[in-house]
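Okay, structure first, notes after.
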Amino acid sequence: MRVGLFVPCYVNALYPEAAVATYKLLRHLGVDVTYPLKQTCCGQPMANAGFDKKAIPLAEKYENMFKEFDYVVAPSASCAAFVRTHYPRLLSGVKATPAKRLQRRWILWSFYTTSLK
């Protein structure tokens, strides 16, 4: 199982120790985790403000960056939920993103309790 670690922009800016702790915890649990470089915002702030067109390029970048992973884990409930619930709408006119793949986007604790049995 290959896991991509998504570190949301606000976590990177305000709580980088949470990102490091998430990475270390996943490694400690024996997870093959990778932190892809050049990550950006998931687009939630733009979409929440009504600027979907500005969020779409970020959603596309996210999808391209994490498409090779079995799971994507983030230390942020709001960003993980945004990707799972709003990316299908944002990307519907751009490209098809398999729903199964979007359902493999998790907040850390959900991944731990659901996928690491």
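Here are some notes:
- Scanning region 1-34 for residues that are hydroxyl-bearing (Ser, Thr, Tyr) and either free of Cβ contacts under 8 Å to residues at least 12 places away in the same chain or within 24 Å of THR85 (Cβ to Cβ) (or both) yields a count of 3.
- In the condition set (1) farther than 16 Å from GLY4 by Cα; (2) in contact (Cβ under 8 Å) with a residue 24 or more places away in the chain; (3) among the charged types (D, E, K, R), LYS38 is compliant with all but (1).
- When ALA47 is tested against (1) closer than 20 Å to THR114 by Cβ; (2) touching a residue at least 40 places away in the same chain (Cβ under 8 Å), exactly one condition is not met: (1).
- Flag if PRO88 is without any contact (Cβ under 8 Å) to a residue 12 or more places away in the chain and farther than 11 Å from VAL7 by Cα: no
- Of residues in region 8-54 being of a type in the set (A, V, I, L, M), in a loop (DSSP other than H, G, I, E, B) and modelled with pLDDT under 95, the one nearest to LEU90 (Cα to Cα): LEU37
- If you go through region 62-79 and pick out every residue that is in a helix (DSSP H, G or I) and either out of contact with any strand residue (DSSP E or B) (no Cβ under 7 Å at 6 or more places or on another chain) or at pLDDT 90 or above (or both), you end up with 7.
The values are calculated or read from the model by the stated rules, or taken from the named source; none is laboratory data. Keep in mind it's a predicted model, so treat the numbers as computed, not measured. In this analysis, Cβ positions are derived from the backbone assuming ideal geometry, glycine residues included, and neighbour counts consider all displayed protein chains.
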